[in-house]
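Note sheet for the following structure.
The values are calculated or read from the model by the stated rules, or taken from the named source; none is laboratory data. The structure presented is a predicted model; accordingly, all values stated were derived computationally and were not measured. Every residue, glycine as well, gets a Cβ built from its backbone with ideal geometry; the counts of neighbours run over all protein chains shown.
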Amino acid sequence: MVTQVRIRPSTRLDVPALVALEDRYFIGNLSASERAGGFISVRHSPEWFARAVDCGGVHVAVSAEDRVGGFIAVLAPPCRPTPICRRLCER
């Protein structure tokens, strides 16, 4: 069975699902075998997600039932890059 997925701009109603997705795939919540498939190393607060949604920087992948299954957040870089961002930019 093929599941239909569509992409739409996120709304504030999606914030709990966005937080839950980050929590689910956070490195500290995964076993070693689960981490092999990828993980998230930073979690954001509900307030951060709300601001990002308000800026129009978050899009969600949703099922036919409108359940959030993934997201992308594209926002302006921070004024002071984090150590991880600096390392990535050096490459």
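Tell me the residue from V42, V68, V53, V62 that is farther than 29 Å from P83 by Cβ and either touching a Lys or Arg at 6+ places or on another chain (Cβ under 7 Å) or modelled with pLDDT under 95 (or both), please.
Step by step, each of V42, V68, V53, V62 is checked, and only V62 is farther than 29 Å from P83 by Cβ and either touching a Lys or Arg at 6+ places or on another chain (Cβ under 7 Å) or modelled with pLDDT under 95 (or both).
Hey, any hits in region 12-25 for a residue that's loosely packed, with under 11 Cβ neighbours inside 10 Å, of a type outside the set (V, I, T) and on the phi > 0 side of the Ramachandran plot?
No.
Scan region 15-37 for residues that are out of contact with any helix residue (DSSP H, G or I) (no Cβ under 7 Å at 6 or more places or on another chain) and under 15 Å from F71 (Cα atoms) and jot them down.
Selection gives P16, A17, A20, L21, E22, R24, Y25, F26.
State whether the residues of region 38-59 include one that is farther than 24 Å from P9 by Cα, surrounded by 10 or more Cβ atoms within 10 Å (Cβ to Cβ) and touching a helix residue (DSSP H, G or I) at 6+ places or on another chain (Cβ under 7 Å).
no
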